[in-house]
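Taking it in order: structure first as structure tokens, then the write-up.
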Amino acid sequence: MSGKSSRNQKLIRAPSDLVSKLSQEAACQGKTLYSYVTEIFEQATRAYEMKRSLKEILDTFEILDVPKEAGTIYTPRDVLDYLIQKTYGENGEELQRMWYHAGKWYGTYLKEKFEQPFDSFLRLLREGRWDLNEVAVNKSNGRIVLKCVSALTPQERSLLLQNFIEGAAHSLGYKTQEKNCFKGIICLTLFKHELRQPEEDSV
């Protein structure tokens, strides 16, 4: 690396192809390679101080960018719950279908974008703004038991979120074996079905 600095400097070995990529990116940003790499190191140190890794932060940012691609608009919790309660009595089944198909879109998008789409979906549930205090997964004998817990989610929104999760899971090649939903608690047992089987599109 080159460049003048009042700081003490040390030589750091790095793969030549990586240095070449960094040099190109630094040039695109109008920076010297030294200043660009220093900035990267500073941000890595910042992540460490947050007890996070850069990979973890970037993975989280990438998954949180999915709702933006989906055209999601965040709504205050109280407003959303009010609207759901106002319409659920007469249009509950239609709302469930809408959330189910929204989940299918998410699952399809994740399948195209990520190598491990189901794991990415779990990360979306954990890191997204779903008011979930806990997202627990137990994998055994080809089955996945998914449990979501929230102290702030009323019964109606819990049911809608269950349908959203099922839609995503079905588009990722899973079927529902068992499901239970209470106020703030969703428990789904899923299993991977054969590709030759037609995918059910019911809720």
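Values quoted throughout were computed directly from the atomic coordinates according to the rules given, and no laboratory measurement underlies them. These numbers come from a predicted model, not from an experiment. As a convention, Cβ positions derive from the backbone with ideal geometry for all residues, glycine included, and neighbour counts pool all protein chains shown.
Summary table below
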read-out: ARG129 paired with GLU42, simple spin-label distance in nm, labels 7 Å along Cα-to-beta-carbon; value: 3.0 nm
read-out: Mean separation of Cα contacts under 8 Å (6+ apart) over length of region 92-203, as relative contact order %; value: 31 percent
read-out: Under 16 Å from the Cα of LYS21 - lysines, other chains or at least 8 residues apart; value: LYS31
read-out: The chain - percent relative contact order, Cα under 8 Å, separation 6 or more; value: 17 percent
read-out: Square roots of 5 times each gyration tensor eigenvalue, C-alpha, region 59-158, largest first, Å; value: 24, 17, 14
read-out: Candidate aspartates and glutamates - alpha carbon under 16 Å from LYS10, same-chain residues fewer than 8 apart omitted; value: GLU39, GLU42
read-out: Relative frequency of Cα-Cα separations exceeding 23 Å in the chain, percent; value: 56 percent
read-out: Rounded to 10°, Cα long-axis angle of helix 155-171 versus longest principal axis of the chain; value: 70 degrees
read-out: Residue-span extension gain [ILE12 to ALA70] - 0.36 nm each, minus C-alpha spacing; value: 16.7 nm
read-out: The chain: most fluctuating residue of LEU160, LEU64, LEU33 per GNM, C-alpha cutoff 10 Å; value: LEU33
read-out: Cross-link partners of LYS179 among aspartates and glutamates (Cα-Cα below 13 Å; sequence separation of 8 or more within a chain); value: GLU166
read-out: On Cα atoms only, tilt of 117-127 relative to the major axis of the chain in degrees; value: 90 degrees
read-out: Distance violations [Cα-Cα > 25 Å] among LYS147/LYS175; LYS113/LYS192; LYS111/LYS147; LYS55/LYS183; value: LYS55/LYS183
read-out: For peptides 15-27, 166-178, sequence by mean Cβ density within 10 Å, most packed first; value: 166-178, 15-27
